[in-house]
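First comes the structure, then the notes that go with it.
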């Protein structure tokens, strides 16, 4: 049996198991162990425990639960409500201002949490009911939050960027910087579409709203400014060479918990445990996926599937941009069925040598890959953010949410095209701050 046929059987088996609702980590683990035993015998099981332990025995991985704690501390506390309220007050008179403030809140919360579902849930719980009360169409209101939530995996500090850096052995600090301008670009595209839609349809939602005084606009800022300063401090520590990603994340997590206790008086153990338990669940899920994917990757490599696929792609006599288009279609398809972390740890080590040999920058490719994963978050059949929004507003049909999110998918595709035409959108800032990558 050829490696390509084995690879096809592995992919089919994985999708069949996932279709039964088995968690991604367990599905990859079962497929990996099954094919190892079938083709290499029962003795190959000796590598399972060792491989799982080795894959998560990385000091850099400590940064993942720490950044998760940062996001959970803000999501569980009233900080997200204050963030939303501040933007709503300052953008009240902008046409379509409420929806623009929601997208802006998503972008800032994304930087605070690093998680798309958390961003989607935190802002959606407040923003969607408010927009519906003001008369915004349900599709536009839910679609904007679903799309805005995807910014959580692009704008630093991003957990998926950390996973990409670990999987490809690239600089996490440089990856964070590469995501800044593309994150702002996508946020701007989302806002532009929302503003265009508001004007095109003649919406006038603020006519009956009482304007906020300057004092009311200022009074909420002291409660959210410290959290924004933590993000600035974490990034400064990373790029200033003061601390490693794990150390910076640990200090940031500690400060976020302290701030929630001081500013919002969250002293009770019950409230603090809500932060820790939520962080623990998400962190264990991510680390399990990383561990299982390492075992999955070992199986593919051991059966020469990875090497054969890479050789077949590299041997294609096509223009490098045609090759990039094929890779984008593959990533888009994978994102339809798998969460971003799973796609990254499974595909990035295979694709990176091909990308580099074709003359593309690995940090630029990280942004392209991430935006493809963002599209997967708001497209079926998985579309995690769609289901998060549907859970917040169960009376709104899933098809309505999807239709509202589709124009924002077009914005993401435009973003990918702009990055292909102007790679410096992603590379200018990291090259300016850290110098050109060797």
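None of the figures in this text is laboratory data; all of them are computed from the coordinates on show. Only a predicted model underlies this, so the values are computations on that prediction, with no experimental measurement involved. No Cβ is skipped: glycine too gets one built from the backbone with ideal geometry, and neighbour counts run over all protein chains shown.
Between residue 11 and residue 424, what FRET efficiency follows from the Cβ-Cβ distance if R0 is 30 Å, with the result rounded to 0.05?
Numbers: r = 36 Å, r/R0 = 1.19.
Computed FRET efficiency for residue 11 and residue 424: 0.25.
Relative to a virtual label point 7 Å from the Cα of residue 60 in the Cα→beta-carbon direction, which members of the stretch 332-369 show backbone nitrogen distances below 18 Å?
341-356, 361-369
Along the Cα→Cβ direction, 7 angstrom out, place labels at residue 406 and residue 225. What is the inter-label distance in nm?
Between residue 406 and residue 225, the simple spin-label model gives 4.5 nm.
In percent, what relative contact order does the chain have, based on Cα pairs under 8 Å that are 6 or more apart in sequence? List each step's numbers first, then the result.
Working: 599 pairs, mean separation 113.0, N = 438.
It comes to 26 percent, rounded to a whole number.
Using 1/(1 + (r/R0)^6) with R0 = 22 angstrom and r between the beta carbons of residue 395 and residue 130, what's the FRET efficiency to the nearest 0.05?
0.90
Expected output is a single nm value to one decimal: the length gained when fully extending between residue 329 and residue 20, i.e. 0.36 nm times separation in residues minus the C-alpha distance. What is it?
Details: separation 309, 0.36 × 309 = 111.24 nm, distance 2.50 nm.
So the chain would gain 108.7 nm between residue 329 and residue 20.
Would you mind ranking 361, 133, 317 so that the residue whose beta carbon has the fewest other beta carbons within 10 Å leads the list? Don't jump to the answer; show the numbers that get you there.
Details: 361 19, 133 10, 317 4.
Exposure proxy ranking, most exposed first: 317, 133, 361.
Distance between Cα centroids, the stretch 342-407 to the stretch 226-290: provide it in whole Å.
Taking the Cα centre of each part, the stretch 342-407 and the stretch 226-290 sit 25 Å apart.
Give me 417, 195 ranked fewest to most by other Cβ atoms within 10 Å of their Cβ, as a rough exposure proxy. Don't jump to the answer; show the numbers that get you there.
Values: 417 10, 195 17.
With the sparsest Cβ surroundings first, the list reads 417, 195.
What Kirkwood hydrodynamic radius do you get for the stretch 101-172 when you take the inverse of the mean 1/r over all pairs of distinct Cα atoms, in Å?
Values: mean 1/r = 0.0800 Å⁻¹.
For the stretch 101-172, the Kirkwood estimate is 12.5 Å.
Taking the number of other C-beta atoms within 10 Å as the exposure measure, put 76, 284 in order starting with the fewest. Display every interim value, and only then the final one.
Values: 76 22, 284 13.
Ranked by crowding around the Cβ, least crowded first: 284, 76.
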